[in-house]
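Presented below is the structure to which this report refers.
The values are calculated or read from the model by the stated rules, or taken from the named source; none is laboratory data. Values in this document were obtained by computation on a predicted structure and should not be read as measured data. Here Cβ is always computed from backbone atoms with ideal geometry, including for glycine, and neighbour counts include all displayed protein chains.
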Amino acid sequence: MSGDAGRGRRVALVTGASSGIGRGLALRLAADGWSVALVARRGDLLEEVAHEVRSAGAEALVCVCDIALQDEVVHTVDSVRSTWGPVDLLVANAGVSERTPAHRLDAAQVERIMRVNFLGCVYATEAVLGEMIERRAGHLVAVGSLAGYGGLPSTAAYSASKGALHNFFESLRIDLRGSGVAVTVLTPGYVRTAITGQIAHRRPFLVELDPAVDRMYRAIRDRKPLLTFPRPLSSLAWWAQVFPAGLYDRLVGRVPRTGKEKR
Ligand SMILES: NC(=O)c1ccc[n+]([C@@H]2O[C@H](COP(=O)([O-])OP(=O)(O)OC[C@H]3O[C@@H](n4cnc5c(N)ncnc54)[C@H](OP(=O)(O)O)[C@@H]3O)[C@@H](O)[C@H]2O)c1
């Protein structure tokens, strides 16, 4: 994997490391010998993850930070740098999912979601990228979503944030060809975590957390440009992009709701 072998320490910064996919990826990285900076707002949960990382024989730094606030992100990256040196691997994973149905559109809510899911990743990327380019080494990983491939019912802001994230990192990947800095975009379907627990419609082809993290971890390790899964849902998302709009709306609009949501 990437990293500065000469420096002896490989430094990964994982946002949203307090639970779910971020926690899982942080533990996989630790098992592979990475020093892991754990970023999220809930410090108590980060301390628990740090304990697990250290039990695996790796180094952990707990960084309580709201990714939506650029000053906090810059301060976090600075403190990781001054403790361990430059970040070799950024896993921009922190994200939130909230219902944003059209009939209750609230621009302030949309802005908040974009700030966490999209701009937070941009802030973290800006804070590490210059140094990566200078050193001609490094790896940016963005956790997008199949929801970013098109609009979904009642999730306008989430879909928009993940679409923006995908296109942003895809553009960086093209720009950074030959620079020594790799870019990986991960676009999972439904994975069983706290986020999917809140989703009110059915979650077709739901993947359990451990196998999902395994697949994502292998894609990071192999510096793959893109991982999209599970296959049945990713194929559908891919084909749906060329469906006529009327057919797309009818198909996607038919996703059955659970008892949690009646509009
Ligand atoms: N689960 C799925 O089905 C699925 C599918 C596709 C993509 N994803 C994406 O995977 C990523 C991880 O989600 P998950 O499923 O693992 O859900 P999760 O368990 O709820 O994890 C979300 C993580 O993001 C962190 N976070 C949220 N807001 C933050 C903020 N303002 N500042 C810093 N950290 C923040 C949370 O930590 P704190 O609350 O402690 O801050 C938490 O660690 C998200 O980007 C999500 O969109 C998930």
Could you tell me whether the range 171-186 includes any residue that is touching a Ser or Thr at 6+ places or on another chain (Cβ under 6 Å) and either under 17 Å from Ser234 (Cα atoms) or aliphatic (A, V, I, L, M) (or both)?
no
Take Leu89 and decide whether it is buried (at least 24 other Cβ atoms within 10 Å of the Cβ) and either more than 14 Å from the ligand (Cβ to nearest atom) or at pLDDT below 95 (or both).
yes
Does any residue of the range 99-121 turn out to be within 16 Å of the ligand (Cβ to nearest atom) and modelled with pLDDT under 95?
yes
What residue, of Ala164, Ala156, Ala160, is buried (at least 19 other Cβ atoms within 10 Å of the Cβ) and not polar (S, T, N, Q)?
Ala160
Pairs under 7 Å by beta carbon, first residue without any contact (Cβ under 8 Å) to a residue 40 or more places away in the chain in the range 215-241, partner hydroxyl-bearing (Ser, Thr, Tyr), six or more apart or different chains?
Ala219/Thr184
Could you check how many residues of the range 19-49 are among the polar types (S, T, N, Q) and within 13 Å of the chain's Cα centre (by Cα)?
1
Evaluate the range 197-207: report whether one residue or more is exposed (fewer than 13 other Cβ atoms within 10 Å of the Cβ) and either modelled with pLDDT of 95 or more or more than 19 Å from the chain's Cα centre (by Cα) (or both).
yes
If you check Arg99, Arg28, Arg104, Arg42, which single one turns out to be of a type in the set (D, E, K, R) and in contact with a helix residue (DSSP H, G or I) (Cβ under 7 Å, 6 or more places away or on another chain)?
Arg28
Only one of Gly148, Gly95 is within 30 Å of Val242 (Cα to Cα), free of Cβ contacts under 8 Å to residues at least 60 places away in the same chain, surrounded by 20 or more Cβ atoms within 10 Å (Cβ to Cβ) and within 11 Å of the ligand (Cβ to nearest atom), namely Gly148
Out of Val191, Val181, Val213, I need the residue that is of a type outside the set (D, E, K, R), buried (at least 19 other Cβ atoms within 10 Å of the Cβ) and in contact with an Asp or Glu (Cβ under 8 Å, 6 or more places away or on another chain). Which one?
Val191
Reported set for the range 53-75 where residues are without any contact (Cβ under 8 Å) to a residue 40 or more places away in the chain, surrounded by 15 or more Cβ atoms within 10 Å (Cβ to Cβ) and not hydrophobic (A, V, I, L, M, F, W, C) is Asp66, Glu72
How many of the residues in the range 136-145 are over 19 Å from Tyr123 (Cβ atoms) and either within 15 Å of the ligand (Cβ to nearest atom) or touching a helix residue (DSSP H, G or I) at 6+ places or on another chain (Cβ under 6 Å) (or both)?
1
